[in-house]
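Structure first, then comments.
FYI, it's all coordinate maths here, none of it is from the lab. Small disclaimer: the values here were computed from a predicted structure and weren't measured. Neighbour counts run over all protein chains shown; Cβ positions are idealised from the backbone, glycine included.
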C-alpha cells in the first residue's frame with residue numbers, strides 16, 4: 001500500500017540522492033510529515049546505526065537498523081521492518097512507515113551507513129540470529 005507519507009519520502013529522497021544533503025525545505029517537510037519519527041530516524045543516521053550487509057559472491061543485500069530494542073531487518077523495497085512499531089502502527093494503518101524504514105531511506109540516500117561484507121556462508125547464520133531476536137522480543 002502506497003501512503004501519502006511514502007510518496008513524500010520518495011520525493012524528498014530523490015532530491016537527497018542527487019544533492020547528497022537535505023535542504024532546509026526538505027528537512028522541514030520531513031519534520032512536518034513524520035514528527036518525532038523523523039527525529040528518531042535522523043538520530044539513527046547521525047549515529048551510523050544503519051548497516052548494509054552485502055554477501056559474496058551472491059551480491060545479496062540485507063539492511064539492518066540498530067534501534068532501541070535491538071537489530072531490525074529492513075526491506076526497503078517491500079516497505080517492511082521487523083519492529084513492533086511496524087506491526088502495531090504501520091500494519092494497522094496509523095502510520096505509513098516506522099522510523100527504522102525512514103532512517104534506512106535517509107542513510108542510503110545520503111550514503112551515510114556502515115557497509116559490512118560477509119561471505120554467503122554467513123547469511124543463514126545472521127538471518128537466524130536476527131529472526132531469533134524477533135521471536136525473543138515476542139515472548
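Structure notes:
- With the convex hull drawn around the C-alpha atoms of the range 1-75, the volume per residue stands at 129 Å³.
- Theoretical ellipticity at 222 nm over the chain - DSSP helices of four or more residues, -39500 (n - 2.57) apiece, nearest 500: -15000 deg cm²/dmol
- Centre separation in Å (Cα based) which lies between the range 64-139 and the range 1-52: 16 Å
- Spin-label pair residue 24/residue 48, simplified geometry with 7 Å Cα→Cβ offset, distance in nm: 3.0 nm
- Over the range 54-139, relative contact order from alpha-carbon pairs under 8 Å, at least 6 apart, %: 33 percent
- Gain in span if fully extended, residue 60 to residue 124, counting 0.36 nm per residue against the direct Cα distance: 21.8 nm
- Dimensionless Rg over Rh [the range 58-109; C-alpha; Kirkwood]: 0.97
- Computed over the chain with a Gaussian network model linking Cα atoms closer than 10 Å, the most mobile of 111, 32, 79 is 32.
- The chain: antiparallel DSSP beta bridges as a percent of all, rounded to 5: 65 percent
- Estimated Rh, the range 4-138: Kirkwood, alpha-carbon pairs, angstrom: 15.3 Å
- Result for the chain in a Gaussian network model with C-alpha springs under 10 Å: among 112, 58, 23, the largest mean-square fluctuation is at 58.
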